Amino acid sequence: MTPGTHITPHNGPTGKKLRVHLPLVGTKGARMRVGDELRHLEEGKCIIFDDSYNHEAWHDGEVTRINLILDFWHPNLSDAEVKFFSMILKSKLKGEKLLSDKFDNQ
């Protein structure tokens, strides 16, 4: 994330996943709001949240911020739900690849 960037408020479509932000470098001047909570980011300290909550981020520092972002299935999902959502995700990714390949070959 380059200095001066503001990622506007947004949220994921469902509460099926937890998102992990692990700031690696460039945290000075970086902050993130999830729901009503504002957090100042620290290198090496994770923030874990339900992606369906409204969230946004700012970076007022002087160097580019680099975050590792990981998604995990929400622990309240049953095995059957995880299997179902995994199948949908794989189908979506296959469809996106087919479209990408089609347009790349034109």
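What follows is calculated from the coordinates using simple rules that are stated; it is not laboratory data. Here the structure is a predicted model, which means the values were calculated and not measured. Here the Cβ is made from the backbone with ideal geometry for all residues, glycine too, and neighbour counts use every protein chain on show.
Couple of notes before you dig in:
- The range 1-98, relative contact order [Cα under 8 Å, separation at least 6], %: 37
- Neighbour net charge for H10 - beta-carbon separation under 10 angstrom, K R +1, D E -1: -2
- Residue-count net charge about E43 - beta-carbon cut-off 14 Å; Lys, Arg +1, Asp, Glu -1: +4
- With Cα atoms, 0 to 90° folded angle of helix 79-104 axis to the chain main axis: 90
- In plain terms, the chain from L98 to L77 could stretch by 4.6 nm, reckoned as 0.36 nm per residue minus the Cα-Cα distance.
- Taking Lys and Arg as +1 and Asp and Glu as -1, the other residues whose beta-carbon sits under 9 Å from that of H59 total +1.
- Here R65, R31 are placed in order of increasing Cβ neighbour count within 10 Å, fewest first, which gives R31, R65.
- Couplings for the range 20-33, taken from phi via the Karplus curve 6.51 cos²θ - 1.76 cosθ + 1.60 with θ = phi - 60°, read 10, 10, 10, x, 9, 8, x, 8, 4, x, 9, 8, 9, 10 Hz in order; Gly and Pro are left as x.
- Comparing H40, H55, H74 in a Gaussian network model of the chain where C-alpha atoms under 10 Å apart are linked, the largest mean-square fluctuation is found at H40.
- As a rough footprinting exposure proxy, the listed residues W73, W58 were ranked by other beta carbons within 10 Å of their own, and the order from fewest upward is W73, W58.
- Violating pairs (Cα-Cα greater than 27 angstrom) within the set K28/K90; K17/K92; K28/K94; K45/K97; K17/K97: K28/K90; K28/K94; K45/K97
- Identified option (computed P(r) over Cα pairs in 10 Å bins from 0, in percent; candidates [x] 14, 41, 28, 12, 4, 0; [y] 14, 34, 27, 22, 3; [z] 11, 26, 22, 18, 17, 6, 0): [y]
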